[in-house]
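The values are calculated or read from the model by the stated rules, or taken from the named source; none is laboratory data. This one's a predicted model, so the numbers in the text were calculated from it and none came from an experiment. Every residue, glycine as well, gets a Cβ built from its backbone with ideal geometry; the counts of neighbours run over all protein chains shown. With ligands, DNA and RNA removed, areas are computed over all heavy atoms of the protein, side chains included. Shrake-Rupley method; radii C 1.70, N 1.55, O 1.52, S 1.80 Å.
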Amino acid sequence: MPYVTVGKENGANIDIYYKDWGSGQPIVFSHGWPLSADDWDTQMLFFLGKGFRVIAHDRRGHGRSTQTDGGHDMDHYADDLAALTAHLDLKNAVHVGHSTGGGEVVHYIARHGESRVAKAAIISAVPPLMVKTEKNPGGLPKKVFDDLQAQLAANRAKFYYDLSSGPFYGFNRPGVKMIEPVVWNWWRQSMMGGAKAAYDGIVAFSQTDFTEDLKKISVPVLVMHSEDDQIVPYQASGPLSAKLLKNGTLKTYKDLPHGMITTHADVINADLLAFSKS
């Protein structure tokens, strides 16, 4: 399987797993917490069929990548993504990030520059800042994220099932039928990753402030967010990110869930394709 080595920990290599299919303009997908590159299967097959080169990686500690003890923060996530793009010598790439992956994309572009980047899309993404602070009164209280860590530490398998069978895909909404294979695929991906990566990742996605990162980015960015997102609340995320970006466009959905890249892939793929070709 293809890997890129991004460093060492305790004398052993830190290897990032990736998929790289096709040729043409590259589209690079960054997955959400605590999943893997597999969460993009539908998008990768779709864009491969449209003549794009499609790439997705497992974030450090997630999926098939090395289960590191440390480095579960946005600086390392962004640097690992930069190492992958350099390893593959990607140019004119479209970067697409979902949820935590949206933060990874924003931080990567701001930290490493735009020389390899054509445009980006962030979907149901965590920027500008999830946690509530004096400067971010619309954020969620820190206790919400402390509780997530406590549930993960107590029983990771049950916590993942409850999250995916409920608010992540909107299966807790009246009249929405749960799709069991979708739930178990989310659970499978999450359990493949390391508990430490997932535990620390909650801090990374909730407490990283991307405000200055967003201001630095000048390439076109499509911000896709649903008003019914139960994981990353709409008002404190999508609209604020779009305003902070120099060249941002907000695409709002009404009743779609946080995991809309899976449940409504046809809608998301069509909008991503239109943006990528524009």
- Query: Given 0.36 nm per residue, what is the gain on full extension from Glu9 to Asn172 after removing their alpha carbon distance, in nm?
  - Reply: 54.6 nm
- Item | Positive-end residue of Ala150, Leu214, Ala12, charge dipole of the chain with Cβ unit charges | Leu214
- Query: Taking the mean number of other Cβ atoms within 10 Å as a proxy for protection, how do you rank 141-147, 196-202 from highest to lowest?
  - Reply: 196-202, 141-147
- Near the amide H of Ser65, under 5 Å away, which other amide H atoms are found, from residues 5 or more places off or on another chain, if H is placed in the peptide plane? Tyr17
- Item | Alpha-carbon centroid distance for the pair the stretch 71-146 / the stretch 198-254, whole angstrom | 9
- Once phi for every residue in the stretch 104-113 is put through the Karplus expression 6.51 cos²θ - 1.76 cosθ + 1.60 (θ = phi - 60°), the whole-Hz ³J(HN,Hα) values, with Gly and Pro written as x, are 4, 5, 4, 5, 4, 5, 5, 7, 10, x
- Just order 68-77, 255-264, 55-64 by mean Cβ neighbour count inside 10 Å, highest at the front, would you? 55-64, 255-264, 68-77
- Item | Extended-chain gain in nm, criterion 0.36 nm per residue less alpha-carbon gap, Ser115 and Trp184 | 20.9 nm
- Item | Separation in nanometres of the label points that stand 7 Å from Cα toward Cβ, at Ser278 and Lys143 | 4.1
- Query: Among 164-176, 36-48, how do they line up from the highest to the lowest mean number of other beta-carbon atoms within 10 Å?
  - Reply: 36-48, 164-176
- Average accessible area per residue (Å²) across the chain - probe 1.4 Å, nucleic acids and ligands excluded: 40
- For the chain, which whole percent of the accessible surface, found with a 1.4 angstrom probe, sits on carbon and sulfur atoms? 54
- Query: Under the Kirkwood approximation for Rh and a Cα-based Rg, what ratio Rg/Rh is obtained for the chain?
  - Reply: 0.93
- Query: Can you give the three extents of the C-alpha atoms in the stretch 55-145 along their principal axes, from longest to shortest, in whole Å?
  - Reply: 41, 31, 19
- Jot down the per residue volume, in cubic angstrom and as a whole number, of the convex hull over the alpha-carbon atoms of the stretch 2-51. 88
- Provide the percentage of antiparallel DSSP beta bridges, counting only those with both residues in the chain; round to the nearest 5. 30
